[in-house]
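Derivation of every value follows stated rules applied to the coordinates shown; laboratory data play no part. These numbers were taken from a predicted model, which means no experiment stands behind them. Here Cβ is always computed from backbone atoms with ideal geometry, including for glycine, and neighbour counts include all displayed protein chains.
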Amino acid sequence: MEIVKFGTPILREKGARIEAVTPAIKKLIADMFETMYAHKGVGLAAQQVGLALQLTVLDVRGVNDRPSSLELEGQPADVHAFMPLVLINPEIKPIGKSVAGPEGCLSFPEIFAEIIRPDVVDVEAMDAEGKTVRFRCGGLLARAIQHEADHLKGILFIDRMSKEAKEQIRAELEDLQLATKAALKPAGQRK
């Protein structure tokens, strides 16, 4: 699937709730994982592939320099055994202290910034089978889930940047937005 870039209106749309895991949703999940892995991402929201739905896929197994933690029913659990992860209609509750950490986004190629987020969150969502999952996570997994859950609400990581950080990348953001808008124009209207 194509990953939409900053400047595409759908990135600002709130996702519709998914009431049932249909064959079409299962295919979308598989396609989103394939797309995320092809672009070497750790998370991908439906808005990033052009669909305003409450669906995100994640897999933090490939990242070794930024650890993740996981608790299931109050007990420590193996993050790797829990991956890959599908979250449908996720509800996120911040638990830990707010910390700064590096973030990037597949819809913002080559743009990175320090973003402040809670370091531990409780998550409740529906999984790929339509079952409810509840867990607490920290580290990179918590950061990635919050980043993707923001996408589902039309919030982008640049909205969470400090004014100073945003100012440092303003030219890159403007260039990306202009390139995206030019690419969205019908062929006859492009200059």
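Couple of notes before you dig in:
- Helix-only [θ]222 nm of the chain, DSSP H runs n ≥ 4, -39500 (n - 2.57) each, per residue, nearest 500: -8500 deg cm²/dmol
- Size of electric dipole in the chain: Cβ of Lys, Arg +1 and of Asp, Glu -1, about Cα centre, debye, nearest 20: 600 debye
- With a threshold of 24 Å on the Cα-Cα distance, the over-threshold entries among LYS93/LYS153; LYS40/LYS97; LYS40/LYS131; LYS5/LYS40; LYS27/LYS153 are LYS40/LYS97; LYS40/LYS131.
- Going by neighbour counts of Cβ atoms within 10 Å, the residues SER68, SER98, SER107, SER162 line up, fewest first, as SER98, SER162, SER68, SER107.
- The residues packed around GLU114, meaning those with a beta-carbon under 15 Å from its beta-carbon, carry a net charge of +1 if Lys and Arg are +1 and Asp and Glu are -1.
- Segment 39-117 and segment 121-143 have Cα centres lying 10 Å from one another.
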